[in-house]
1. Tell me whether the range 54-63 contains one or more residues that are touching an Asp or Glu at 6+ places or on another chain (Cβ under 6 Å), open to solvent by less than 30 Å² (accessible area, probe 1.4 Å), at pLDDT below 85 and over 25 Å from residue 27 (Cβ atoms).
2. In the range 87-102, which residue that is touching a residue at least 24 places away in the same chain (Cβ under 8 Å) and surrounded by fewer than 18 Cβ atoms within 10 Å (Cβ to Cβ) is nearest to the chain's Cα centre (by Cα)?
3. I'd like to know if the range 35-45 contains one or more residues that are of a type in the set (Asp, Glu), within 30 Å of the chain's Cα centre (by Cα) and at pLDDT 80 or above.
4. Filter the range 69-86 down to residues that are closer than 30 Å to residue 52 by Cβ and not hydrophobic (A, V, I, L, M, F, W, C) and give me whichever is surrounded by the fewest Cβ atoms within 10 Å (Cβ to Cβ).
5. Tell me which residues, restricted to the range 105-129, are farther than 27 Å from residue 30 by Cα and among the aliphatic types (A, V, I, L, M).
6. Among the residues of the range 115-135, how many are under 13 Å from residue 97 (Cβ atoms), loosely packed, with under 13 Cβ neighbours inside 10 Å and touching a residue at least 24 places away in the same chain (Cβ under 8 Å)?
Amino acid sequence: MTSSPGAPGAPRRRGLRPTRVVGLAMVVLIILEVLAIRLVDSLVGPWWTILVLLGSSLLGAWLIKREGGRAWRALGQALREGRMPATELADGIVVLVGGLLLVVPGFVTDIVGLVLILPFTRPVARGLLAGAIANRVLARAEFATGPGVTGTPAGPTSSAPNTSTGGPASGPAGPQRSASSDEVIEGEVVEDD
């Protein structure tokens, strides 16, 4: 008799949990920040180091207000036009994270924050964010449905045929081809043993 992974007495899956990864990343970040501050301090002195850290925090607050306002207006415009605001939402997230990193005192976080917030480097960060979200969604879909399935077919999800638009009917077995459809989807059926 096998037990499910969440059942008491079931063997625990080993690996890095997200909390451990975040904790390790925070420790590494703190070490890097201390080293960077000491390096800048040895080059320009303590007062200039403090002034640069305060200046970068003020710059971060100003950039959050400026770029965040632009991202908010773009989001509103996309919604008024009736289109999906995926790019605008990603921009808003990237600007918020970048601005917060600029507000936090430190040189490493300032560099990362500037890369995230500047308009000409933001598309790279937006692409990385979209890729991370897509990987997470696909991993969850595979976990929920089993290996080999990476999503669900497109189409209406009601159990009644969509006769008003001539769209495909969807029954208990999932989306099915309607009699009026000329669409052919090639594929291969894979059965698990």
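1. Taking every residue of the range 54-63 in turn, none turns out to be touching an Asp or Glu at 6+ places or on another chain (Cβ under 6 Å), open to solvent by less than 30 Å² (accessible area, probe 1.4 Å), at pLDDT below 85 and over 25 Å from residue 27 (Cβ atoms).
2. If we take residues in the range 87-102 being touching a residue at least 24 places away in the same chain (Cβ under 8 Å) and surrounded by fewer than 18 Cβ atoms within 10 Å (Cβ to Cβ), then 93 is nearest to the chain's Cα centre (by Cα).
3. no
4. Here the residue is 69.
5. Across the range 105-129, there are no qualifying residues.
6. Residues flagged as under 13 Å from residue 97 (Cβ atoms), loosely packed, with under 13 Cβ neighbours inside 10 Å and touching a residue at least 24 places away in the same chain (Cβ under 8 Å) within the range 115-135 amount to 0.
The values are calculated or read from the model by the stated rules, or taken from the named source; none is laboratory data. Source: prediction; values computed, not measured. Cβ sites come from the backbone with ideal geometry, for glycine too, and all protein chains shown count toward neighbours. We work out accessible area using only protein heavy atoms, side chains counted, and drop any ligands, DNA or RNA first. Shrake-Rupley method; radii C 1.70, N 1.55, O 1.52, S 1.80 Å.
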